[in-house]
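Here is the structure we will look at, set down as structure tokens.
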Amino acid sequence: MTAVSLEHTTVPADAGEVTLLIARRVEPGYEAAFERWAKGILETAAAFPGHLGYGLFRSSGGDAPWFLVHRFRDDEACRTWQESPERAAWFADCEGHHHIEIARRVLTGMETWFAKPGSTRPAPPRWKMAISATLAIYPISLLGGYFLVPRLTSLPYVLSSAVVAGVFNILMTYVSMPAVSRLLRGWLSR
């Protein structure tokens, strides 16, 4: 699957956010029409309050689906878009695009860390996600407390806390969680 150069993010991810992942199969020869339609619906959704960003991922070929991704601030923002007349109008005007929805997932909170790209398989149980997150943050907390926190004592507490939170978040998102998810993949998917 290749990403289309269509990514729009206006607000950083939040713990209460909702990610809507939609897989659509497009008949061969209708890809360009579908892509125009998909870009239009994604850009329309982006104008809605509480919409945090979107993405469009092309099929890798054959029967592989295209993926549309919406990120919303919360359930209410997602529901507002889903029930909107603007969304209904886009679906009323998709004749000739020869595409069909084959799967839909709504991911919330930590589930987005555990969602396998291109898969519609459910996230692991929350207790497994909590154990994995604890294993991921524990070494960051140890090392941060030993190396980072002592070097921030001259800063005001609010600023030093912001630095710690930022560093922990970046390490958790890009280093620790991906590593723990890979190491525990078999256990998480059982």
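The values are calculated or read from the model by the stated rules, or taken from the named source; none is laboratory data. Given the structure is predicted, the values throughout are model-derived calculations rather than measurements. All Cβ positions, even for glycine, are placed from backbone atoms using ideal geometry, and neighbour counts span all protein chains on display.
Do we find that Glu43 is at pLDDT 85 or above, outside any strand (DSSP E or B) and touching a His at 6+ places or on another chain (Cβ under 8 Å) in this structure? Yes; evaluated as a whole, the condition is true for this residue. Flag: Ala64 matches the condition of being closer than 19 Å to Arg36 by Cα, assigned to a loop (DSSP other than H, G, I, E, B) and either small (Gly, Ala, Ser) or in contact with a Phe, Trp or Tyr (Cβ under 6 Å, 6 or more places away or on another chain) (or both). The single condition among (1) at positive phi; (2) modelled with pLDDT of 85 or more; (3) loosely packed, with under 12 Cβ neighbours inside 10 Å that Gly53 does not satisfy is (3).
For segment 7-40, filtering for residues that are in contact with a Gly (Cβ under 7 Å, 6 or more places away or on another chain) and modelled with pLDDT of 85 or more leaves 1.
For segment 150-166, taking the residues that are among the aliphatic types (A, V, I, L, M) and surrounded by 14 or more Cβ atoms within 10 Å (Cβ to Cβ), the one that is farthest from Trp187 (Cα to Cα) is identified as Leu152. State whether one or more residues within segment 118-125 are assigned to a helix (DSSP H, G or I), modelled with pLDDT under 90, of a type in the set (S, T, N, Q) and surrounded by 13 or more Cβ atoms within 10 Å (Cβ to Cβ). Checking segment 118-125: not a single residue is assigned to a helix (DSSP H, G or I), modelled with pLDDT under 90, of a type in the set (S, T, N, Q) and surrounded by 13 or more Cβ atoms within 10 Å (Cβ to Cβ). Sort out which residues of segment 147-186 are at pLDDT 85 or above and among the aromatic types (Phe, Trp, Tyr), and write them in order of number. Hits for segment 147-186 are Phe147, Tyr157, Phe168.
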